[in-house]
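S.K.: Structure incoming, see below.
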Amino acid sequence: MAVTQTRDRLGLDQMAELGQQLRVDAVRCSAAAGSGHPTSAMSAADLMAVLLARYLRYDMTDPDDPHNDRLIFSKGHASPLLYAMLRAAGAIGTDELMTYRRLGSRLEGHPTPRLPWVDVATGSLGQGLPIGVGLALTGARLDRLPYRTWVLCGDSELAEGSMWEAFEQAGVSGLDHLTAIVDVNRLGQRGPTRHQWDLDAYARRMSAFGWRVIEVDGHDIADVDRGYAQAVSTAGKPAVILARTQKGRGVARVEDQEGKHGKPVPDPDDAVRQLGGVRDLSVHVREPDRAGTPHRFADGPLALPAYELGSKEATRTAYGRALVALGDARGDVVVLDGEVADSTRTEYFAGAHPDRFFECYIAEQQMLAAAVGMQARGWTPFAATFAAFWTRAFDFVRMAAVSRANLRLCGSHAGVSIGQDGPSQMGLEDLAAFRAVHGSTVLYPCDANQTADLVAAMADRDGISYLRTNRGATPVIYPPGERFPIGGSRTLRRSPDDLVAIIAAGVTVHQALAAADQLAANGVRARVIDAYCVKPIDADAVRAAARDTGRIVTVEDHWPEGGLGDAVLDALAGGDDPARVRKLAVRQMPASATPDEQLRAAGIDADAITAAARSLLDGVKAR
């Protein structure tokens, strides 16, 4: 049948037909691809039909309109349903729908922002709702616009702790323009979910987190319509639609059957017949509420903090002061904290710009997700916690790269140099982790002025940028106002007679300088390179050091795997300048000790660097 609807709201019968069309299209495109998750799409088809026809407010011709509602498929494997919705709304055609999962198609197996109607990538379960919380916070506190954020969730992902971080953040924040739609279809990937169709079990938990819970029959169009009407009328708290559904709804061979997850429907032609045949119903999605304009905070001149040569300051303190200066200059800058603002020094920004500071508490996944949501609306988020604790949110970092997100992250209290707190607080994996992220930038400043300049540079950097800061005060070795381009380095000691090069970053730069002085006292010239940009590493400087000296010592307050030493080796692997390389890094599990004792015990202090350089110089006469 071919039914066309333009601007009038669809009736209940037509919305039921639309739901069937969405199921048919999910079956068809998955069959054409030979893969996909049509049964997960079919359970939520009626929910999305009513949303698309009556409640979503979105200009499909202008996905960048700031007034548009936001729609996130937290259950990203139900992508056939999203693409079927886009066809019904006229955003894509049938021909493109049938390219699902093919090479070069925008319709990937899980949604990504290659499609302009998709804000963020999903597919790693437990992430869509936390990002939706970030978008809802953005609408309420930053954009200050009435758009609504809708998030389609699966019942399986309710086992993820990140979902409950999101439920609590939204509840205490009173995000009444956020609606979660939970497709409770009872079946997960390998069998029944934990609570199956026990909606009361979910409702008790969600109510406890401050949400209005609305239970509906997810295949009763009138009941779904009632649920949405109640959700949009809720004030002062977020709303969740708990919908009892059936996986594979409408096709006997897969409906509520185990073992059908992630597979095309058997005999798709028969399935389409059972669903009533191919339809061509079109929907004119409601226009967004264009009341008001996006709020913007005032801009001003940039005056980065300046520190005197020879003084001492912690790079974490310089980071906090630089954020304040950046916030003074740019109204788009926002800062998120994981309840460590006094340690990361983001408390300075909170005092100066409280309207743009977001306390996410000890919920690093929610903090990172909120930042992803904010940047999707054009804001410039900085988020900070201890370097060690970013590991909790690493999957969110990984997915943020898939989202093509622009994030600025800071890890403080890195390495053994933090001292007596011990290994649970020491970030020793962070350089490796962030170097592995696609398109990332990894920065490790050694003094306060360098830190301030790099913070400013991060604000305009695309992709995911990570800045590592130190707990203790270090000497200021660079004058105020000096520039540190990303991808560069600084050569702090150099002569035509260099016999070895020492490449360091952060706290070990100061140890490398002391080692160079020790070597010079014994007639050995050592080049010292401050590799403040670990990724992209300054390959030219590394290769020149290899060519000029033939010997390199790398030293880092990090495990030996994946950090600065490996970045240097990667640079050498791409060139023709051979060198003997000695990697100094933390190789034994540390315990509590003073910072100086830690560096000595780890074998990354000045004496250890001197010894490593000498070992490379055995048999070589000092000049």
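S.K.: Starting with the highest mean, order 501-507, 279-285 by the number of other Cβ atoms within 10 Å, averaged over the residues of each peptide.
M.R.: Ranked from most to least packed, the peptides come out as 501-507, 279-285.
S.K.: Which of Glu313, Glu165 comes first, and how do the rest follow, when ranked by fewest Cβ neighbours within 10 Å?
M.R.: Lowest to highest Cβ neighbour count: Glu313, Glu165.
S.K.: Using label points projected 7 Å from each Cα along Cα→Cβ, tell me how many nm separate Thr61 and Ala298, to one decimal.
M.R.: 3.9 nm
S.K.: Could you tally up the Lys pairs in the chain with alpha carbons closer than 29 Å? Skip any pair fewer than 8 positions apart unless they're on separate chains.
M.R.: 10
S.K.: Under 8 Å for C-alpha pairs, at least 6 residues apart: give me the relative contact order for the range 532-595, rounded to a whole percent.
M.R.: The normalised contact order for the range 532-595 reaches 40 percent.
S.K.: Subtract the Cα-Cα distance of Gln420 and Asp517 from 0.36 nm times their separation in residues, and report this length gain in nm to one decimal.
M.R.: Numbers: separation 97, 0.36 × 97 = 34.92 nm, distance 2.84 nm.
Result: 32.1 nm gained on full extension.
S.K.: Let me ask something else. Give, as a single signed number, the net charge of other residues whose beta carbon lies under 10 Å from the beta carbon of Leu616, with Lys and Arg counted +1 and Asp and Glu -1.
M.R.: Charge balance near Leu616 sits at +3.
S.K.: Can you tell me how the range 312-475 classifies by the Cα gyration tensor, rounded, prolate or oblate, using a/c under 1.5 as the rounded cut?
M.R.: In terms of gyration-tensor shape, rounded.
S.K.: If the range 124-252 were replaced by its equivalent ellipsoid, with semi-axes equal to the square roots of 5 times the Cα gyration tensor eigenvalues, what would those be, largest first, whole Å?
M.R.: Listed largest to smallest, the semi-axes of the range 124-252 are 24, 17, 13 Å.
S.K.: Quick query: amide H of Arg527 versus all other amide H atoms, modeled in the peptide plane; which residues come in under 5 Å with a sequence gap of 5 or more or a different chain?
M.R.: For Arg527, whose amide H was placed from the backbone, the distant partners under 5 Å are Leu499, Val500, Ala501, Ile502.
S.K.: Highest mean first, what order results for 183-189, 295-301 on Cβ atoms within 10 Å?
M.R.: My ranking of the peptides, most packed first, is 183-189, 295-301.
S.K.: I would also like to ask the following. How far is the Cα center of the range 499-577 from the Cα center of the range 35-77, in Å?
M.R.: 51 Å
S.K.: Continuing with the same structure: If amide H atoms are built 1.01 Å from N in the plane of the peptide, which residues on other chains or at least 5 residues away come under 5 Å of the amide H of Tyr532?
M.R.: Arg490
S.K.: Let me ask you something else. Rank these for me by crowding, Glu96, Glu17, going from fewest to most other beta carbons within 10 Å.
M.R.: Glu96, Glu17
S.K.: Going by how many other Cβ atoms sit within 10 Å of their own, how do Lys260, Lys312 line up, fewest first?
M.R.: Lys312, Lys260
S.K.: Using the alpha-carbon centroid of each, what span in Å lies between the range 183-226 and the range 96-128?
M.R.: 25 Å
S.K.: Rounded, prolate or oblate: which fits the range 55-209 when a ≥ b ≥ c are the square roots of the eigenvalues of the alpha-carbon gyration tensor, with rounded for a/c under 1.5 and prolate only if a/b beats b/c?
M.R.: Here the range 55-209 falls in the oblate category.
S.K.: Where Lys and Arg each count +1 and Asp and Glu each count -1, what net charge lies around Ala32 among other residues with Cβ under 10 Å from its Cβ?
M.R.: +3
S.K.: In addition: With a cut-off of 8 Å between alpha carbons and a minimum separation of six or more residues, what is the relative contact order of the range 490-616 in percent?
M.R.: 28 percent
S.K.: Here's another thing I want to ask about it. Taking the Cα centre of each part, how many Å lie between the range 241-262 and the range 383-447?
M.R.: Here the two parts' Cα centres lie 41 Å apart.
S.K.: Pull out the extension gain between Arg204 and Gln257, defined as 0.36 nm times the separation in residues minus the alpha carbon to alpha carbon distance; nm, one decimal.
M.R.: Gain on stretching Arg204 to Gln257: 16.3 nm.
S.K.: Quick check: net charge around Thr138, other residues with Cβ under 14 Å of its Cβ, Lys/Arg +1 and Asp/Glu -1? Walk me through the numbers on the way to the answer.
M.R.: Details: positive: Arg70, Arg141, Arg144, Arg148, Arg296, Arg356, Arg377; negative: Asp69, Asp119, Asp143, Asp332, Asp355.
In short, +2.
S.K.: Out of residues 5 or more away from Arg57 or on other chains, whose amide H comes under 5 Å of its own, with H placed 1.01 Å from N in the peptide plane?
M.R.: Here Asp69 satisfy the definition.
S.K.: Shifting gears a bit: Rounded if a/c is under 1.5, else prolate if a/b is larger than b/c, else oblate: which is the range 490-616, with a ≥ b ≥ c the root eigenvalues of its Cα gyration tensor?
M.R.: Oblate shape, in that a/c is at least 1.5 and b/c is the bigger or equal ratio.
S.K.: With the contact rule set at Cα under 8 Å and sequence spacing of 6 or more, what percent relative contact order holds for the chain?
M.R.: Normalised by residue count, the contact order of the chain is 12 percent.
S.K.: Restricting to the chain, compute how many DSSP beta bridges are antiparallel as a %, nearest 5.
M.R.: Antiparallel: roughly 15 percent of the beta bridges in the chain.
S.K.: Further, regarding this structure: Run through the DSSP bridge list for the range 12-274 and note the antiparallel percent, rounded to the nearest 5.
M.R.: In the range 12-274, approximately 5 percent of DSSP beta bridges are antiparallel ones.
Quick note: the coordinates plus some simple rules give every number you see, no bench work behind them. No experiment lies behind these values; they were computed from the predicted model shown. Every residue, glycine among them, receives a Cβ derived from its backbone with ideal geometry; neighbour counts consider all protein chains shown.
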